[in-house]
């Protein structure tokens, strides 16, 4: 099995195994992460959702590392690099933008563990509200996401994000 | 264009321009706000939602400054002063209260920037769940709110709140 | 009226009076709880929802005290002791698990007050998202919960939880 590095650690290649690997990192984390960092990640996510929901895809991609990876839909290959993520977000949102539907991402119940001095593994619950003009809001996604986060000075960058949606068949 | 003061700054008159002004304050904020204050605002909002959802409108209005402003529906003039806010909340909630529907406000993904030593600009995602007797809960509002918050001793007061709802036509 | 102890305090017997008692504790709390503890409870809840939503009922029950109590449905007697809570969660979730529906619990807008040196009274807003295979997510519960939480070393244990659901008839 081929392996690729995340920070100073190695993990199995492949999306599903990557996801399980991140999950196990989160579950087995023994080094606790400070409340300061915990709030920092909450605030980082508050910035990220605004970029995503305002169709500011360049800004969203800039919150990933240069070689960051985004996998938000099972069966769809992960987007890689900032430009790849921008392209993917534009394509993925086309139908929704054409319909005039507004979306709001909510990330919560964050769980953090430390991978090494500058890398965190995070999981968070997620749901997305979609509102079409003149209609009531409705839930369009529920699930959990698994992030690898790099601490960068006072801030954070996403090394990778994998979204696992409820109800996927 | 007439101007009115918010704290030590001036802003354009009119609701829409006020909203844009608050938005730009939030976006351009360069002075960071501490995590302590960030949690303080989370806890302030936890109190506010209980007052709103328990129909404790006097208590909700008391969380605004004496001359506070509340604009929650486009095309409806902003309510001004605590008594004006109480009157507005009573009138706005009448149909819902008569139907027996219970509501829960959720505010999250708070973003804070400092306007001056005692004034914060905040934005937060918002959704409202409505539950009628014997029915499943449903989303009745999704949007974003823009607050100007005054720090008052250990606590906070709302100087103004503007709610921008998704799907408004 | 018979009385039973919660930590070093006494409270009226009976579920409804217990709930009202906890509510009044929360409302009348004058001793403030630190932001560190506030975040700690957020993180404790982040662990609890994962146990509940992954059908890890032993793990969920282990987050209660040995003689902990859980009351999540009006008219249904409270489950008592860890084993009683496991049994209750298994029975309560049977229909849902058989349908393949996935659930996500969200707890938020936490409000904390201190009962004594090691006991906290908490309330939190709650909603539950249910997603059946191939369907859109939907809200299946909205309400508020009232917890009595025991501080245990660096962590927390639930002494009791009472869930009050919106729309109950």
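Just so it is clear, none of the values below were taken in a lab; they were calculated from the coordinates. Bear in mind that the values here come from a model prediction, so they are computed numbers and not experimental data. Here the Cβ is made from the backbone with ideal geometry for all residues, glycine too, and neighbour counts use every protein chain on show.
Label residue B:95 and residue A:65 with points 7 Å out from Cα along Cα→Cβ: what is the distance between them in nm?
5.3 nm
What does the copy distance list look like for residue C:153, label position 7 Å along Cα→Cβ, in nm and ordered from shortest?
So the distances to the same position in the other copies read 3.9, 3.9 nm.
Compute the label-point distances linking residue A:91 to its equivalents in the other copies; points lie 7 Å from Cα along Cα→Cβ; give nm, one decimal, shortest first.
5.2, 5.2
Between residue C:140 and residue A:169, take the C-beta separation as r, use R0 = 22 Å, and let me know the FRET efficiency to the nearest 0.05.
E between residue C:140 and residue A:169, to the nearest 0.05, is 0.65.
Two decimals, Cα atoms only, Kirkwood Rh: what is Rg/Rh over region A:122-169?
Details: Rg = 14.6 Å, Rh = 12.7 Å.
Taking Rg over the Kirkwood Rh, I get 1.15.
Hey, what D do you get for region A:32-165 in µm²/s if you plug the Kirkwood alpha-carbon radius into Stokes-Einstein at 25 °C and 0.890 mPa s?
161 µm²/s
At 7 Å along the Cα-to-beta-carbon direction for both residue C:76 and residue A:116, put a label point, then send me their distance in nm to one decimal.
In this crude spin-label approximation the distance works out to 4.7 nm.
So what is the relative contact order of region B:32-165, in percent, for Cα pairs below 8 Å that sit 6 or more residues apart?
About 24 percent, as a whole number.
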